[in-house]
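Shown next, in structure tokens, is the structure this report addresses.
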Amino acid sequence: MNDITKRLRHLVKVYSMQDTINELGENEKAPAFFKNAYCEIIPQNSSVKQGQANTESNEHSFKFIFRIKSVIGIKKDWFFIFEELKYEILYFNRDFKDNQFIEVFCKRIEE
């Protein structure tokens, strides 16, 4: 079994989306701090996107590797904060061979 504990050196803040009621009495989702977790962050790729009115944005893709018990119940609407930057979840894959870690693929957009 491959021990990944020594590679988990980035402390990220994990946020989940909770159902709340706003001031109008309507149901809505609001971000709520879930926990701090250690992970390994691996950059995947970057690209420049052209927007309207000659604007550009940079889109960066990353892979976050967590222990499987660090982010129990992870969902696609969660996000991570690392060094004051927000990383939105695109999708995630479990390790079915060893059941030791989970790979979460994220994007960060700079405008």
Q | Matching residues in region 52-67 - criterion: being of a type in the set (S, T, N, Q) and open to solvent by 90 Å² or more (accessible area, probe 1.4 Å) | A | Gln52, Asn54
Q.
So the check is Cβ under 8 Å with 6+ separation or different chains; which pairs have a first residue in region 1-12 that's within 11 Å of Arg67 (Cα to Cα) and a second one that's among the aromatic types (Phe, Trp, Tyr) and at pLDDT 80 or above?
A. Ile4/Phe101; Leu8/Tyr38; Leu8/Phe66
Q: Consider Ser57 carefully, then state whether it is assigned to a strand (DSSP E or B) and either touching a Gly at 6+ places or on another chain (Cβ under 8 Å) or of a type in the set (D, E, K, R) (or both).
A: yes
Q: Among the candidates Phe33, Phe66, single out the residue that is over 23 Å from Asn99 (Cα atoms) and aromatic (Phe, Trp, Tyr).
A: Phe33
Q) Do you know which residues across region 60-75 are over 20 Å from Lys6 (Cα atoms), outside any loop (DSSP other than H, G, I, E, B) and over 12 Å from the mean Cα position of the chain (by Cα)? A) His60
**Q.** Residues (more than 10 Å from the chain's Cα centre (by Cα) and either exposed (fewer than 12 other Cβ atoms within 10 Å of the Cβ) or part of a strand (DSSP E or B) (or both)) located in region 76-102
**A.** Glu83, Glu84, Leu85, Asn93, Arg94, Phe96, Lys97, Asp98, Asn99, Phe101, Ile102
(Q) Tell me yes or no: at least one residue of region 41-51 is touching a Lys or Arg at 6+ places or on another chain (Cβ under 7 Å) and either part of a strand (DSSP E or B) or surrounded by fewer than 16 Cβ atoms within 10 Å (Cβ to Cβ) (or both). (A) yes
Q. Within region 23-40, is even one residue in contact with a helix residue (DSSP H, G or I) (Cβ under 9 Å, 6 or more places away or on another chain) and open to solvent by 50 Å² or more (accessible area, probe 1.4 Å)?
A. yes
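The values are calculated or read from the model by the stated rules, or taken from the named source; none is laboratory data. Note that the coordinates shown come from a computational prediction; the quantities given were computed from them, not determined experimentally. As a convention, Cβ positions derive from the backbone with ideal geometry for all residues, glycine included, and neighbour counts pool all protein chains shown. SASA here: full protein model, heavy atoms, side chains in, ligands and nucleic acids out. Shrake-Rupley method; radii C 1.70, N 1.55, O 1.52, S 1.80 Å.
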